[in-house]
Amino acid sequence: MADQTVVPVSRLLDERGLTSFHITLMAWTVLLALIDGYDIAAIAVASPHLVREWHLPNHAALGPVLSASLIGILFGSAIFGWIGDRYGRKVALIASNLLFGILTWIAAYATNLEQMFWLRLIAGIGIGGVIPNVVAINAESAPRRLRATLALVTVGCVPLGGAFPGIVADLWGPTHGWQMIFLIGGIVPVVVALAAIFGLSESIKFMTLHESQRERLVRLIKTLQPDFTVPPNAKFVIEDERQFPGFNPVYLFREGLAVITPLLWLLFALNLMGFYFLLSWTPTLLVAAKLPMSTAGLAISSLQVGGTVGALLLARWFERQQFLAIALVFLISVPVVAAIGYAGASSVSALMIVTFFAGFCVLGVQTGINVVGALVYPTSLRANGSGWELGIGRIGSIVGPLVGALFIGMPVQHLYVWSSLPFLAGAVVCFIIHRLNQARLRERPYLQQQQPAAAE
């Protein structure tokens, strides 16, 4: 039997650079990211309406509902991370969108807190599958020098999606009620998921690792490299990464990751604790402070738009400096977040400016750690690694809204000062990760091949 001809897939991707295939893939994942962001923010924007329409005894009663989807995301990130590594990123993305789309659609017909809690909980399981697989499918299909940038740009669109529920509530809430927020948030992901069956490509490196995907991989390589002839006996390999057979959580602690992995989990938890307090409670707190519901909704939109701008503008910096850059933005987040309560008591324009810059920092950071954290792991573990980061990190996102419910009677200004402390702790943790990862790469030079190349 003739020896197989080894085809180095990573080298082929690096030599070809950016193509129409990558642009199409990014367009699909940007759309999925927008939908993900919309659904996460939907319940926060609807909350003041629920308090009024369902005659709730106090704002604190919303705490469990605000945390429900976040509890679901905790489990969904791990579940769909496993599905993504086992059956493909495309399968995981389609299934997750169908799940949360249908449940969000049904949520438009909820009549009490208990129904809304369970619907948001199950929807959250689906939401949890989006980011790990969006990051993986982009990172595994791009040339090395663009891996982080494409993933950062895509994930950076999540907060932009979160801006739309506030706009929907402002435009149609007065005439069609809060239900319209969930109707749009449910129908769109179902339609997109069905369309993705035909339009979304699988990750190139995932196809490389699975013989069942061989024919699709050959066709794609011929599209990317028309001048390259694929030998009939070709053996496709990812030459710059170590592969792991199957998945075992133990693998997340090998290759110098014994301390870095739990610190990544803690980093995610700290940032998500602070961010989801802002996202979940800001509309309700502003309405309680006698601001109009429309202003409260637009404040969330400003927060999310700022997040998108931050993610896009900071993408290349995060790619070059990675954890060190993220640590510095964490530090800047502290005074900005602390100022939100004072801005709300000042003027609407001041509130919009401060929430914009809060989103710029906090969501910009979250986008950075989503991508840079995932790239610590090789292809065979990336969706699982990212899923576990997000899943365990979601403990923080659950705690944030619940803590807000406990301290709801505190002056708004004081609440936002206290809510800035997780970002201070995050800066410290991120700096430690930076030092540890640098030492890890120095001790294991072969690992540098799986890291994004330095920007030109």
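The values are calculated or read from the model by the stated rules, or taken from the named source; none is laboratory data. Owing to the predicted nature of the structure, the values given are computational and were not obtained by experimental measurement. Quick reminder, even Gly has a Cβ in these numbers, built from the backbone with ideal geometry, and neighbours come from all protein chains shown.
Being of a type outside the set (A, V, I, L, M, F, W, C), surrounded by fewer than 24 Cβ atoms within 10 Å (Cβ to Cβ) and modelled with pLDDT of 90 or more is the filter here; which residues of segment 330-378 pass it? Hit for segment 330-378 is P335, nothing else.
In summary, I392 fulfils each of the numbered conditions (1) under 21 Å from G76 (Cα atoms); (2) within 13 Å of the chain's Cα centre (by Cα); (3) at pLDDT 75 or above with the single exception of condition (2).
List pairs: first in segment 318-332 and at positive phi, second among the small types (G, A, S), Cβ under 9 Å, 6+ apart or cross-chain? Listed by first residue and then by second, the contacts come to Q322/A148; Q322/G368.
I'd like to check something: does segment 129-142 contain any residue that is of a type in the set (S, T, Y) and surrounded by fewer than 22 Cβ atoms within 10 Å (Cβ to Cβ)?
Scanning segment 129-142 turns up no residue that is of a type in the set (S, T, Y) and surrounded by fewer than 22 Cβ atoms within 10 Å (Cβ to Cβ).
Counting the residues of segment 48-64 that are under 17 Å from S397 (Cα atoms) and either surrounded by fewer than 24 Cβ atoms within 10 Å (Cβ to Cβ) or over 26 Å from the mean Cα position of the chain (by Cα) (or both) gives 3.
Answer with yes or no whether A108 is at pLDDT 90 or above, more than 16 Å from A193 (Cα to Cα) and in contact with a helix residue (DSSP H, G or I) (Cβ under 8 Å, 6 or more places away or on another chain).
Details: at pLDDT 90 or above: yes; more than 16 Å from A193 (Cα to Cα): yes; in contact with a helix residue (DSSP H, G or I) (Cβ under 8 Å, 6 or more places away or on another chain): yes.
Considered against the rule, which asks whether it is at pLDDT 90 or above, more than 16 Å from A193 (Cα to Cα) and in contact with a helix residue (DSSP H, G or I) (Cβ under 8 Å, 6 or more places away or on another chain), A108 comes out as yes.
Conditions tested, residue by residue: (1) more than 26 Å from I369 (Cα to Cα); (2) over 25 Å from the mean Cα position of the chain (by Cα); (3) modelled with pLDDT of 75 or more.
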{"position": "F236", "(1), (2), (3)": "yes, yes, no"}
{"position": "W265", "(1), (2), (3)": "no, no, yes"}
{"position": "T308", "(1), (2), (3)": "no, no, yes"}
{"position": "R316", "(1), (2), (3)": "no, no, no"}
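Taking segment 192-229 as the range and being assigned to a loop (DSSP other than H, G, I, E, B) and farther than 24 Å from G129 by Cα as the test, the residues that pass are Q225, P226, D227, F228, T229.
Report, by residue number, each residue of segment 178-191 that is within 19 Å of A163 (Cα to Cα) and part of a helix (DSSP H, G or I).
We begin by selecting, within segment 178-191, every residue within 19 Å of A163 (Cα to Cα); these are 178-189.
Q179, M180, I181, F182, L183, I184, G185, G186, I187, V188, P189, listed by residue number.
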